[in-house]
Structures are given as structure tokens and as C-alpha cells.
Amino acid sequence: MNAPLFKFEYFNTDVSLIIAFAIGIAFGIALEKGGFGRATILASQFYFTNMRVLKVMFTAIVTAMLGLYFLSVVGFVDLSLIYLTQTNMLPMIVGGLIAGVGFVIGGYCPGTSMVAVATGKIDAVVYVIGMVFGIFIFGEMFPSIENFFNSGFMGSVTLPAYFNLSYGFVVFLVVLMAIGAFAAAEWGEKKMAAKAGKEKQ
Amino acid sequence: MKKFFSNLTTNQKLGGVALVLGIMALFAGDPYGGTTIKVNEKDIALSTVGNSDKVSVTELADWIIKDRADFELIDLRSEEKYNEYTIPNSQCIPLLQLSASELQRNQKIILFSDDDVASSQAWFILKSKNYKGVYILDGGLNKWKENVLFPKAPINGSKDELVQFEKMKEVAKYFGGQAQTDSSITENTTLIKLPTSTTTKTKTTTPTGKKKKREGC
């Protein structure tokens with residue numbers, strides 16, 4: 001058996017949709033369990049009082065990265081068959097900033113807002129309506145921003161290829177970065193908690 | 001030491017596992033495991049544009065007649081088709097088996113199939129594997145049949161063209177084909193029986209080669 005399973009045709013498109021649905025449900029449950037269905041927890045990330053978002057995200061990144069890396073080193077996964085989003089540097093930075101501002105204002109990102117809607121949060125419903133409205137505006141504006149949207153095209157770039165480093169070295173760096181981030185987050189949380197404690201007194 | 005481990009929280013243990021795996025990754029190598037290839041775009045584009053990657057059928061016929069042995073002629077079609085008819089001195093390596101073949105990188109390799117499609121793909125595969133002297137038989141076996149085995153007489157051809165045709169007639173004879181002078185036959189070349197592989201492979205007809213030379217002068 002080899003992965004990606006779909007690319008090696010272990011199942012057809014219809015079955016893949018069922019599997020996608022199951023994975024989507026599982027992902028939603030994981031997000032809700034992680035506390036990502038509550039805007040207060042997500043927003044506290046930006047006040048450095050609760051670094052849960054950073055910890056969960058980095059854990060997910062490191063787990064997926066190590067899993068994919070070692071599974072492909074032993075030959076189970078064919079990495080070249082895995083889809084990579086193509087990069088447009090400047091448009092992506094601008095888009096990331098817009099999404100970040102939306103995240104701070106609304107307290108959700110697109111995925112977590114859906115989770116919060118599923119658990120019946122009114123603010124999330126408003127957030128999703130706003131998001132759909134934003135998609136509509138983007139669609140209407142698209143002809144006038146199309147040139148910018150397609151500018152700075154770099155194809156499918158990976159960090160190792162871009163910086164001309166070995167894949168293993170980048171994996172090692174990301175692990176170090178994650179552990180550093182975990183330690184810093186723990187430390188920061190304690191500092192902020194102490195500060196909050198002092199203010200109360 | 002034991003106490004140190006038992007004092008760690010679950011999170012710290014997981015972090016430690018990640019760190020160990022990260023350090024292992026430093027020495028574990030490339031995850032793409034040879035499934036990707038590097039291609040020199042410019043080199044490939046230049047040889048295609050400059051036509052330096054092609055060998056014409058008349059050129060190849062000339063080389064075979066002169067008994068040159070400095071190239072490998074590869075028939076990319078199926079074994080069945082190969083047994084039916086092939087160009088003399090060729091070996092059969094179907095496209096799928098190409099990468100597993102024992103072709104040497106320093107050999108001059110000429111690829112052909114019925115048309116240019118399979119040979120272009122094979123050419124790209126070999127080029128991407130750093131084979132240097134890879135060539136496509138321009139027009140493939142179809143053109144070989146058309147221009148070498150069954151050349152047509154030029155209609156209202158100039159003197160030079162007629163001389164050339166006389167030469168091609170001999171070449172066709174050498175390979176067991178026949179030049180087409182009657183226009184009624186040229187209409188349905190497909191009906192003409194292809195020379196069998198065995199007769200073309202045995203190269204006993206050197207006199208015709210000599211004859212061709214004389215006429216060429």
C-alpha cells in the first residue's frame with residue numbers, strides 16, 4: 001500500500017467525498033475539543049494571556065511534518081504527489097494581513113467560525129454572514145484586482161528548495177522553532193498571569 | 001536519571017520525542033526519494049529548437065548502409081510490432097521498460113516508434129536522467145516507410161531531385177522496399193507488403209550499397 005491513497009486509486013472520487021466528510025467532522029471535533037470554538041480563547045491569543053492557539057497549531061504542524069517526512073523517507077508516502085499551494089508572495093502577504101485583521105476583530109478564523117456555528121454561537125453566525133459578504137465583494141471586485149492577485153507568481157515553492165537547504169535540516173529547524181515557541185508561550189503565560197494578579201490586588 | 005524522566009510532564013515528554021525525531025531527520029535524507037527529477041530547461045529547449053536532437057530517416061538509412069556501429073537504435077513499440085517489422089539493427093525496448101534498460105549514458109541513442117510522440121517522451125525521460133546523446137528519428141517509422149522503403153517519384157521534379165530519387169530507389173531496394181513510380185500504386189501504400197524482419201536483418205546485399213554509391217557520384 002502506498003499513499004496518497006486517492007492518487008494511487010485505492011478508492012474513487014465518490015468514496016473520497018465520504019472520506020473527506022468524515023475527516024471534516026473529525027477536524028471539527030478536534031477544533032471544538034481544543035477550545036477553538038470559543039472566540040474568547042481565540043482572541044486571548046492576541047493579548048498573550050492564553051497561548052493555546054499557538055501551541056495547538058505548532059503541535060499540529062510538527063506532528064504532520066514529522067509524520068509526512070518519515071513516512072516518505074521509508075517510502076510509504078510519495079511526497080511529489082501531494083498538492084502544494086502555489087505561491088504569490090505579495091498578494092499572499094496582503095491577503096494574510098486582511099485575514100489577520102478579520103481574525104482579531106471577529107475572534108474567529110474561517111474554519112473555527114464554522115465550528116462555533118455548529119455549537120450555536122450567535123457571534124459566529126454573524127461572523128459567517130460577514131465572511132460570505134466579503135467573498136461576494138471580492139468576487140465583484142475581482143476584475144479590477146486580478147492583475148495584483150496573479151502578481152509575484154513563484155509556483156510551488158518549499159522552504160528547503162527556496163533556501164537551498166536539505167529537507168531534514170528544515171525539519172530539524174521547525175522542531176527547534178516549535179519547542180522554543182512552546183517554552184516561550186509557557187513563560188509568557190506565567191508572566192501575564194502574574195501581571196494580571198498584581199493588577200487585581 | 002529515572003527521577004528526571006518521571007518528573008517531566010506529558011507535554012515535555014512529547015516535546016522530547018519531537019526533538020529526537022527532528023535530530024534524526026537531520027540524517028534521514030531526502031523525503032522525495034528519487035521520485036522527482038531535475039531538468040536543464042535551457043539545454044532541452046535549445047536542442048529542440050535547434051533540431052539538434054533529431055536524425056532524419058535518410059541519414060539513418062545512410063548510416064545503416066555504411067554499417068556504422070557508433071549508435072544504438074531503439075524501437076519503443078511493443079514486441080509484437082517489433083517482430084512484425086522494424087528497422088534493421090534496432091533493439092526493442094518498450095517505453096515502459098526504458099528506465100530499467102541497460103543503456104549507457106555515453107552511448108549515442110536513436111529512438112523511434114510509429115510517430116514522434118512516444119520517442120519524444122522517451123527522449124525527455126532519458127534527457128532528464130542525464131543521458132547526453134539522445135536523438136529522435138524524425139517522423140518515426142511512418143516516415144521511414146514513406147521516404148526510405150517506398151519513396152515516391154517527384155512529380156515534375158528538377159534534375160537534382162530525379163538524381164536523388166534514383167539514389168533513394170537503390171536505398172529502398174537495400175532495405176527490401178520498393179520505390180513508387182506508378183501513381184496508381186502510391187494511392188494505397190498500405191497494401192504494399194512490408195519486408196519481413198528476417199530478410200532485412202540479414203545484411204548480405206552489400207553490392208546494392210556499392211551500386212548506390214556509383215550512382216550518387
**OP:** Sort out which residues of segment A:57-89 are in a helix (DSSP H, G or I), out of contact with any helix residue (DSSP H, G or I) (no Cβ under 8 Å at 6 or more places or on another chain) and touching a residue at least 60 places away in the same chain (Cβ under 8 Å), and write them in order of number.
**Re:** A:L71, A:L81, A:M89
Subject >> Condition met for A:L71 (in contact with a Leu (Cβ under 7 Å, 6 or more places away or on another chain), of a type in the set (A, V, I, L, M) and in the same structural domain as A:V171 (by TED's automatic domain parsing)) >> reply: no
Original post:
Is it the case that A:G35 is farther than 25 Å from A:V170 by Cβ and either among the aliphatic types (A, V, I, L, M) or without any contact (Cβ under 8 Å) to a residue 40 or more places away in the chain (or both)?
Top reply: yes
**OP:** Could you list, in sequence order, all residues of segment B:13-37 that are more than 7 Å from every other protein chain (Cβ to nearest Cβ) and either more than 30 Å from B:L126 (Cβ to Cβ) or modelled with pLDDT of 80 or more (or both)?
**Re:** B:K13, B:L14, B:G16, B:V17, B:V20, B:M24
**OP:** Hey, can you tell me all the residues within segment B:49-59 that are under 18 Å from B:K143 (Cβ atoms) and either assigned to a helix (DSSP H, G or I) or more than 15 Å from the chain's Cα centre (by Cα) (or both)?
**Re:** B:V57, B:T58, B:E59
**OP:** Considering (1) under 29 Å from B:F165 (Cα atoms); (2) in contact (Cβ under 8 Å) with a residue 24 or more places away in the chain; (3) assigned to a loop (DSSP other than H, G, I, E, B), say which one B:N106 fails and leave the rest.
**Re:** (1)
Subject >> Count of residues meeting criterion [of a type outside the set (F, W, Y) and outside any helix (DSSP H, G or I)] in segment A:1-39 >> reply: 12
Subject >> Residue that is farthest from A:G168 (Cα to Cα) [pool: residues in segment A:77-88 that are surrounded by 12 or more Cβ atoms within 10 Å (Cβ to Cβ) and more than 10 Å from chain B (Cβ to nearest Cβ)] >> reply: A:N88
Original post:
Of the conditions (1) within 30 Å of A:S166 (Cβ to Cβ); (2) surrounded by 15 or more Cβ atoms within 10 Å (Cβ to Cβ); (3) of a type outside the set (S, T, Y), B:A45 fails just one. Which one is it?
Top reply: (2)
Original post:
Which residue out of A:F48, A:F36, A:F70 is in contact with a Gly (Cβ under 6 Å, 6 or more places away or on another chain) and either surrounded by 12 or more Cβ atoms within 10 Å (Cβ to Cβ) or within 12 Å of chain B (Cβ to nearest Cβ) (or both)?
Top reply: A:F48
Original post:
Could you give every pair whose Cβ atoms fall below 6 Å, whose first residue belongs to segment A:158-185 and is more than 10 Å from every other protein chain (Cβ to nearest Cβ) and touching a residue at least 60 places away in the same chain (Cβ under 8 Å), and whose second residue is of a type in the set (A, V, I, L, M) and in a helix (DSSP H, G or I), counting only separations of at least 6 or pairs across chains?
Top reply: A:A185/A:L54
Original post:
What's the number of the condition A:E140 fails, among (1) free of Cβ contacts under 8 Å to residues at least 12 places away in the same chain; (2) within 14 Å of another protein chain (Cβ to nearest Cβ)?
Top reply: (2)
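May I ask you to say which residue of A:V128, A:V171, A:V175 is out of contact with any Gly (no Cβ under 8 Å at 6 or more places or on another chain) and surrounded by 13 or more Cβ atoms within 10 Å (Cβ to Cβ)?
Of the residues listed, the single one that is out of contact with any Gly (no Cβ under 8 Å at 6 or more places or on another chain) and surrounded by 13 or more Cβ atoms within 10 Å (Cβ to Cβ) is A:V128.
The values are calculated or read from the model by the stated rules, or taken from the named source; none is laboratory data. As the structure is a computational prediction, the values presented were derived from the model and not from experiment. Ideal geometry is used to build each Cβ from the backbone, glycine not excepted, and the neighbour counts take in all protein chains shown.
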